[in-house]
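The values are calculated or read from the model by the stated rules, or taken from the named source; none is laboratory data. In this text the structure is predicted, and so the values were computed from the model without any measurement. Neighbour counts are summed over all protein chains in view; Cβ atoms, including those assigned to glycine, are modelled from backbone coordinates with ideal geometry. In case anyone asks, the SASA skips ligands and DNA or RNA and just uses the protein heavy atoms, side chains included. Shrake-Rupley method; radii C 1.70, N 1.55, O 1.52, S 1.80 Å.
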Amino acid sequence: MKKRKQRNLIIWLIVAVVVVVGGIFSFAHSQKQKAQTVTVGVMTQTNAEQKIWEQITKTAKDKYGVTVKLKSFTDYTQPNKALANGDVDLNAFQHYAFLDAWNKANKGSLTPIGKTFITPIHLYSQKYTSLKQLPNGATIAVPNDASNESRALFVLKNAGLITLKKQAGTLATVADIKSNPHNLKIKELGAEQTARALSDVDAAVVNTNYAQAAKLPDKDILYTEPVNKDSKQWINVIVANKKDKNKDAYKAVVKAYQTKEVKQLIHKYYGDKEITAWDLNLK
């Protein structure tokens, strides 16, 4: 009887060990699976953007074992808040200047972990066909938010229409205009209003997404933003919380983005209107 009890005790001990060990492995597997699913915040996507992210998702899964899930937002103020709050793991919708402005305004520490693309913006006009035709005192509409206004002013600077003070920081304002030889009148509007204002102004700097939404034709382009040393701040990036910037799964998403296949898709859908930035040599 005593031997039987000892045998039963040993059996139960073995069962208990198996259960505990199995639970540990199950928990570890569960945690690993959780760590390998990465939620990326993006803006509501066009069909082209969906195709590009389908390729990124496939590469991330096939090559790195990472499942990418997208969470779409309709307002540019939302993705950074969602990232800071932990509602998403990464986001991919903004350029360096927008991120810097958001961090300063919100005392944030969101960090870029990989470059994606840059979209040159344009100066449009429905009244003139060249920069030389712009009259003295011409009214030019520019976006009024901090990062896009600065970008528009750099467009005018690179077009040779104005100069900016050397001490002007990453984000320039109209107060940073050093010289304005043509006495241009800068009209500050909401970025979404610049395209609609073209009938009322001589020219307008219009962000690419709003130009596409308004179906502005290429023939109305007076000047295209050059890709040069001023362009770094306008490069779009994948962003993480600072504490998470070195996570392998997040680095895998960046690697899955920065591929030959994605480069080919961007060129297929956007031509020269969108340029991959991870291999850019800015001069």
**Asked** Would it be correct to say that residue 232 is surrounded by fewer than 20 Cβ atoms within 10 Å (Cβ to Cβ), modelled with pLDDT under 95 and among the basic types (Lys, Arg)?
**Response** yes
**Prompt:** For region 182-247, which fully contained strands (runs of 3 or more DSSP E) count at least 1 residues that are of a type in the set (A, V, I, L, M), over 22 Å from residue 112 (Cα atoms) and more than 25 Å from the chain's Cα centre (by Cα)?
**Reply:** 185-189, 203-206, 221-224
**Asked** Of 126, 133, which residue is of a type outside the set (Asp, Glu) and free of Cβ contacts under 8 Å to residues at least 60 places away in the same chain?
**Response** 133
**Asked** So residue 202 clears everything in (1) more than 18 Å from residue 79 (Cβ to Cβ); (2) modelled with pLDDT under 95 except one condition, right? Which one?
**Response** (2)
**Item:** Residues satisfying the stated conditions in region 210-229, i.e. open to solvent by less than 60 Å² (accessible area, probe 1.4 Å) and of a type outside the set (A, V, I, L, M, F, W, C)
**Value:** 217, 220, 223, 225, 226, 228
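Being in contact (Cβ under 8 Å) with a residue 40 or more places away in the chain and either under 18 Å from residue 120 (Cα atoms) or open to solvent by 30 Å² or more (accessible area, probe 1.4 Å) (or both) is the filter here; which residues of region 259-271 pass it?
Scanning region 259-271 gives 261, 265, 266, 269, 270.
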**Request:** For region 174-199, name all the residues that are out of contact with any Ser or Thr (no Cβ under 9 Å at 6 or more places or on another chain), over 28 Å from residue 75 (Cα atoms) and open to solvent by less than 80 Å² (accessible area, probe 1.4 Å).
**Result:** 175, 182
**Item:** Members of region 102-146 found to be on the phi > 0 side of the Ramachandran plot and open to solvent by 30 Å² or more (accessible area, probe 1.4 Å), listed by number
**Value:** 107
**Message:** Which residue is farthest from the chain's Cα centre (by Cα), if the candidates are limited to region 248-278 and must be charged (D, E, K, R) and closer than 28 Å to residue 201 by Cβ?
**Reply:** 272
**Test result for residue 227, β-branched (Val, Ile, Thr) and more than 19 Å from residue 121 (Cβ to Cβ)** = no
**Request:** Hey, can you tell me all the residues within region 156-173 that are modelled with pLDDT of 95 or more and among the aliphatic types (A, V, I, L, M)?
**Result:** 156, 159, 161, 162
**Request:** Please enumerate the residues belonging to region 145-189 that are out of contact with any His (no Cβ under 8 Å at 6 or more places or on another chain), within 21 Å of residue 100 (Cβ to Cβ) and of a type in the set (Gly, Ala, Ser).
**Result:** 146, 150, 152, 168, 169, 172, 175
**Item:** From 187, 215, 178, residue being within 29 Å of residue 281 (Cα to Cα) and among the basic types (Lys, Arg)
**Value:** 178
**Request:** Among the candidates 113, 140, single out the residue that is in a strand (DSSP E or B), under 24 Å from the mean Cα position of the chain (by Cα) and touching a residue at least 40 places away in the same chain (Cβ under 8 Å).
**Result:** 113
**Message:** If I ask for residues that are modelled with pLDDT of 95 or more, under 17 Å from the mean Cα position of the chain (by Cα) and among the aromatic types (Phe, Trp, Tyr), which ones from region 26-84 would you list?
**Reply:** 53
